[in-house]
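Some notes on the structure that comes next.
The values are calculated or read from the model by the stated rules, or taken from the named source; none is laboratory data. Model, not experiment: these values are computed from the prediction. Glycine also receives a Cβ, built like all others from the backbone with ideal geometry; neighbour counts cover every protein chain displayed.
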Amino acid sequence: MSSERVPVELCKGINGLEKVVLREVRGSSAEVYLYGGQVTSWKNDHGEELLFVSSKAIFKPPKAIRGGIPICFPQFGNHGSLEQHGFARNRVWSIDIDPPPFPTNTSSRAFIDLILKPSEEDMKIWPHRWCSFFNTCLSGNNDGQTHCFCLSEFYLSIIVSICSYEFRLRVALGPGGDLMLTSRIRNTSTEGKPLTFTFAYHTYFSVSDISEVRVEGLETLDYLDNLQNKERFTEQGDAITFESEVDKIYVSTPTKIAILDHEKKRTFVIRKDGLPDAVVWNPWDKKAKAMADFGDDEYKHMLCVEAAAVEKPITLKPGEEWRGRQELSAVPSSYCSGQLDPQKVLQCS
Ligand code: TA6
C-alpha cells in the first residue's frame, strides 16, 4: 500500500514537530500534532481543507498553534487561575500504545490514541496548589537543605499518586470522512482528591466569508457575553449571523449545531456529547490586528464554534472518568435549493 493511503502515519511536521497523519480509504484525511494533541488539518475526500489554521500560526512551544482544534484543559479561557485556556494545548502528548477498550467500535482504521500525563511542572500548578508546597520542600528552596535525589523521586511519586489524572484522546476519521474527537479524563488520585476542570474543543472552522455564514441551533438560548464581563443574555430567535466581534458562551445547548456556509454550499454539523455548552468566537478586525499569530484579514475566513463544558465545571471523584466527544461532519448543501434545511439537519439523528 503506497504511503498515500496508509491509515496512520507518524512523521515530522513544521519545525520538526511530530505529527500523525490519518487517511481514510475514500480520500479524507486529518493531521494531529503531538504538541498540544492538536488537530491541525481535516480534509474531505476532494482534498479540501475544512479547518482554519492562520498563515501566521507559530509551531513552536510554548506558544499554542493558532488554528485547527486546540484543546482547552483544565481551564477554559480565563475561568480560573491558570494561563488562558489551561496548559494541555502547549504540552507534548504521547501516543497511547495501550489504551483501555474504547466504548464504541469503528470500522475505520484511521484513528490514533494520545495520552497526556501531568509533568512535574504541571503538578506544581494543578490540580492542587499544595502540590507545589511539596515541590518546594523537594527543591529545598525554603530550608536551604539539599535533599538526595531518590528521596525527591519518592516524594514525587507520592505527589503524582495523590493528585493525578490521565487524559486520553482518540482522534478518528469515520468512513464518510467525519472527524471524531473523544476525550477520556480519569481522576487517578489515590488520596480521595477530587478533580475539577472546565474544557473546550476550540475548533477553528474554515469559512468562505464570515458575513455570509449562519449558525443554527443556538437560537433563544442563554449565553455569557465575554465582551460584557460574562454578563448573561438571551439570544434572539433567528440564526446567528456575524457583522462584528463575537465572543459568547452559550449554555446548555442542544447536542447538534449547524454552521451554514452558503458560498461554499457547505454545512458543518457539530454533534457533541458530555459537553453542554458551545462557545462562538470571531475576533473581527481590531482583535485580529492585535494578535501577532493571526493575519489582519483572516477573521473573514474563520469561525470558532467550540463544544465546551464551562458554565458548570466538571468534578470527578477518584476513580471516576469523564468523556467528552465531538463529531464533525461537512455536508454539501445548497440551502437555497432546500436540499439541506438546517432545521431538518438539527432535528434528524
Ligand atoms: O474561545 C474564545 C476565546 O476564549 C476568546 O476570548 C479569545 O481569547 C479566543 O478564545 C482565543 O484565545 P487565545 O488564548 O487562543 O488567543
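Computed quantities for the displayed model
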| item | result |
| --- | --- |
| Answer residue from region 304-321, given it is of a type in the set (A, V, I, L, M) and within 11 Å of the ligand (Cβ to nearest atom) and is nearest to residue 176 (Cα to Cα) among those | 305 |
| Selection within region 268-285 - more than 10 Å from the ligand (Cβ to nearest atom) and closer than 22 Å to residue 208 by Cβ | 268, 269, 270, 278, 284, 285 |
| Single condition residue 177 does not satisfy, out of (1) surrounded by 22 or more Cβ atoms within 10 Å (Cβ to Cβ); (2) within 27 Å of residue 82 (Cβ to Cβ) | (2) |
| Count of region 194-210 residues which are assigned to a loop (DSSP other than H, G, I, E, B) and buried (at least 19 other Cβ atoms within 10 Å of the Cβ) | 3 |
| Pairs, first without any contact (Cβ under 8 Å) to a residue 12 or more places away in the chain and within 15 Å of residue 61 (Cα to Cα) in region 72-90, second more than 8 Å from the ligand (Cβ to nearest atom) and not in a loop (DSSP other than H, G, I, E, B), C-beta under 9 Å, six or more apart | 83/90; 83/125 |
| Check on residue 31, over 16 Å from the mean Cα position of the chain (by Cα), farther than 18 Å from residue 282 by Cα and either within 15 Å of the ligand (Cβ to nearest atom) or acidic (Asp, Glu) (or both) | no |
| Residues being aromatic (Phe, Trp, Tyr), away from the ligand (no atom under 15 Å from the Cβ) and at pLDDT 85 or above - total across region 87-125 | 2 |
| Output for region 227-253, where each listed residue is in a loop (DSSP other than H, G, I, E, B) and touching a strand residue (DSSP E or B) at 6+ places or on another chain (Cβ under 9 Å) | 230, 235, 238, 239, 241, 242, 244, 245, 251, 252, 253 |
| Total residues in region 64-86, condition within 12 Å of the ligand (Cβ to nearest atom), surrounded by 15 or more Cβ atoms within 10 Å (Cβ to Cβ) and not aliphatic (A, V, I, L, M) | 11 |
| Failed criterion for residue 200 (all others in (1) free of Cβ contacts under 8 Å to residues at least 60 places away in the same chain; (2) within 14 Å of the ligand (Cβ to nearest atom); (3) in contact with a strand residue (DSSP E or B) (Cβ under 9 Å, 6 or more places away or on another chain) hold) | (1) |
| Residue check, residue 244 on the phi > 0 side of the Ramachandran plot and without any contact (Cβ under 8 Å) to a residue 60 or more places away in the chain | no |
| Residue satisfying all of: in region 298-321; closer than 19 Å to residue 222 by Cβ and touching a Gly at 6+ places or on another chain (Cβ under 8 Å); surrounded by the fewest Cβ atoms within 10 Å (Cβ to Cβ) among these | 309 |
| Hits in region 208-241 - residues which are acidic (Asp, Glu) and either touching a residue at least 60 places away in the same chain (Cβ under 8 Å) or farther than 16 Å from residue 279 by Cβ (or both) | 209, 212, 216, 219, 238 |
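Residues are listed down the side, and each one gets a yes or a no for (1) under 15 Å from residue 77 (Cβ atoms); (2) surrounded by fewer than 19 Cβ atoms within 10 Å (Cβ to Cβ); (3) within 16 Å of the ligand (Cβ to nearest atom); (4) without any contact (Cβ under 8 Å) to a residue 12 or more places away in the chain:
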| position | (1), (2), (3), (4) |
| --- | --- |
| 248 | yes, no, yes, no |
| 257 | no, no, yes, no |
| 292 | no, yes, yes, no |
| 296 | no, yes, yes, yes |
| 323 | no, yes, no, no |
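Let's see how each residue does on (1) part of a loop (DSSP other than H, G, I, E, B); (2) buried (at least 20 other Cβ atoms within 10 Å of the Cβ); (3) of a type outside the set (Asp, Glu):
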residue	(1), (2), (3)
11	no, no, yes
30	no, yes, yes
60	yes, no, yes
100	yes, no, yes
103	yes, no, yes
